[in-house]
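Enquirer: The structure that follows is given in the form of structure tokens.
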Amino acid sequence: MSKQIKLAVAAALLAAASSANAGIMIPAGDWTLDIGGVVNAYYTTTRQSGDLNVGGAPLGLGNDTGTRTASNITTGLLPNYLSVSGKTRQNDLDVAFTISINPGASTTNAGIQSARQENRQAFLTFGDKSWGSVKLGKDLGIFASDAILNDMTLLGVGSGAGGLAGNTTTLGRIGTGFMYADWKSQIAYSSPNWNGFSFTAGVTQAWNAVGIDAGLSTGQRGGASPAFEGKASYEWAGDVGGKVWVSGISQKVEGANDRAEAVDIGATVNVAGFGLTGYYYDGRGIGQTLQLFGGFDAAGNRRDSNGGYVQGTYTIPGVGTKLGLSWGESRLDSNGGADVGGDVKDSMWTIGAYHPLTKHLNLVAEYSDVKHEVTGANPLFVNNGEGKSKTVSLGAILFF
């Protein structure tokens, strides 16, 4: 199984009994191949109400008159995954690759069995444990990656189930506590692990803030210069284990008056079956939910944003069931005056139960309550008001 999937499983389960081992190992000449992946599906029912739609679109835009209920059977925050990795040792170098495909688990059109599909990973690495490794290709972004890897809804659904049916994933806590790290083309260096301390730094494919209109910019690949991302962390084991991390991103944005920048800090501590995670980020021009979405106003001036989440979990001894409660919020501030986008605040609290039915199969039950608020916007372009979304999800996730 690829390194990012292993990290996601280990972080989400907080080293519980259901964390997955490597996938299917196959010796092949000089290479060792590892075939692994994820299969998951959930029944979800979402009740939306209020003035604004919170069904899953970035910033939750769109009218939602009155109240409506949507029921779907779909994938959760993690997509279905089929990953092929290979590694070998040649000329005193550890050389490896990973390629993955990510099909959705639902379709919204009768008679058309073609759910959406992504290709999130295609990268190679080379290095040595004495000096680190270099990665080239497409993989999870560096900034905000630990925020999503420690989110308990990684094994479940979180928000977005009502409006993202037919997609490869839901939103989890993306946009209600942290920015999406996204899957980016990159060239990155990762240091060795020095007694728990390590860091990663790299250049990644920049996003362009195109179509800056009504204060709502959209992210698109491109740019005259790359983005610069980095993170550092310290991890320790023992009766009281945990991890602390910081990360950041900076990039020039074409058509804007300044750079998009953001930093974050987080920590997680585990003791006697209890886990506690805290996270905070602060940005200018980075937007909300997806990077550079809403990050600049119509004049090309960057908008401030911040947010974070707190999460507590407890794993029942002898049973392995993990119970969790989390709350988070993301804010995007208006610049006032000519900025017609208004102030945006999205928050969510989630309660979940994650039971390891077998070593690799987990049953999941979640309830998520989302609130989306827009104030101070120009009503000719953006709706002011409040929307609510309440989602119950039941399903299972399998790692191999």
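Enquirer: Being surrounded by 15 or more Cβ atoms within 10 Å (Cβ to Cβ), of a type outside the set (D, E, K, R), at pLDDT 70 or above and closer than 24 Å to Asp369 by Cβ narrows it down to one residue among Thr74, Thr98, Thr69; which is it?
Expert: After applying the criteria, what remains is Thr74.
Enquirer: Now for a separate question. Without any contact (Cβ under 8 Å) to a residue 40 or more places away in the chain and either closer than 30 Å to Pro192 by Cα or of a type in the set (D, E, K, R) (or both) - does that describe any residue in the range 153-174?
Expert: no
Enquirer: Here is a follow-up. Select from the range 307-349 the residues that are outside any strand (DSSP E or B) and surrounded by fewer than 16 Cβ atoms within 10 Å (Cβ to Cβ) and list them in ascending order.
Expert: Answer for the range 307-349, where residues must be outside any strand (DSSP E or B) and surrounded by fewer than 16 Cβ atoms within 10 Å (Cβ to Cβ): Ile316, Pro317, Gly318, Val319, Gly336, Gly337, Ala338.
Enquirer: Another one. Yes or no: the range 127-142 includes at least one residue that is touching a residue at least 12 places away in the same chain (Cβ under 8 Å), under 18 Å from Phe293 (Cβ atoms) and in contact with a strand residue (DSSP E or B) (Cβ under 6 Å, 6 or more places away or on another chain).
Expert: Among the residues of the range 127-142, at least one is touching a residue at least 12 places away in the same chain (Cβ under 8 Å), under 18 Å from Phe293 (Cβ atoms) and in contact with a strand residue (DSSP E or B) (Cβ under 6 Å, 6 or more places away or on another chain), which makes the answer yes.
Enquirer: Any residue at all in the range 13-36 that is at pLDDT 90 or above, within 30 Å of Gly294 (Cα to Cα), over 19 Å from the mean Cα position of the chain (by Cα) and not basic (Lys, Arg)?
Expert: No, there is no match, as no residue in the range 13-36 is at pLDDT 90 or above, within 30 Å of Gly294 (Cα to Cα), over 19 Å from the mean Cα position of the chain (by Cα) and not basic (Lys, Arg).
Enquirer: Check whether at least one residue in the range 144-167 is among the hydroxyl-bearing types (Ser, Thr, Tyr), farther than 17 Å from Ser330 by Cβ and at pLDDT below 95, and report yes or no.
Expert: No, that holds for no residue.
Enquirer: Check Gly341, Gly376 and return the single one that is on the phi < 0 side of the Ramachandran plot, of a type outside the set (A, V, I, L, M) and in contact (Cβ under 8 Å) with a residue 40 or more places away in the chain. Talk me through it step by step, then tell me what you get.
Expert: Numbers: Gly376 fails: on the phi < 0 side of the Ramachandran plot.
None of the other options fit; the residue is Gly341.
Enquirer: So which of Ile286, Ile316, Ile265 ends up being in contact with a Gly (Cβ under 8 Å, 6 or more places away or on another chain) and closer than 19 Å to Ser145 by Cβ?
Expert: On inspection, the qualifying residue turns out to be Ile286.
Enquirer: Tally the residues that are in a loop (DSSP other than H, G, I, E, B) and either surrounded by 16 or more Cβ atoms within 10 Å (Cβ to Cβ) or of a type in the set (Ser, Thr, Tyr) (or both), restricting the search to the range 350-359. Break it down stepwise before answering.
Expert: The initial filter retains those residues of the range 350-359 that are in a loop (DSSP other than H, G, I, E, B), namely 357-359.
Right, trim to either surrounded by 16 or more Cβ atoms within 10 Å (Cβ to Cβ) or of a type in the set (Ser, Thr, Tyr) (or both) and you get 358.
Looking only at that region, the number is 1.
Enquirer: Same structure, new question: Given (1) over 19 Å from Thr74 (Cβ atoms); (2) modelled with pLDDT of 95 or more, identify the lone condition not met by Thr350.
Expert: Here Thr350 meets the rest and fails (1).
Enquirer: Hey, another quick one. Taking the range 365-382, which residues are surrounded by fewer than 21 Cβ atoms within 10 Å (Cβ to Cβ) and assigned to a strand (DSSP E or B)?
Expert: If the condition is that a residue be surrounded by fewer than 21 Cβ atoms within 10 Å (Cβ to Cβ) and assigned to a strand (DSSP E or B), then Ala365, Tyr367, Asp369, Lys371, Thr375 are the ones that fit.
Enquirer: Out of the residues in the range 192-203 that are farther than 13 Å from Lys252 by Cβ and within 20 Å of the chain's Cα centre (by Cα), which is surrounded by the most Cβ atoms within 10 Å (Cβ to Cβ)?
Expert: Across the range 192-203, the extreme among qualifying residues is Gly202.
The values are calculated or read from the model by the stated rules, or taken from the named source; none is laboratory data. What you are looking at is a predicted structure, and each value in this text was computed from that prediction instead of being measured. Cβ coordinates were reconstructed from backbone atoms using ideal geometry, including for glycine residues, and neighbour counts include every protein chain displayed.
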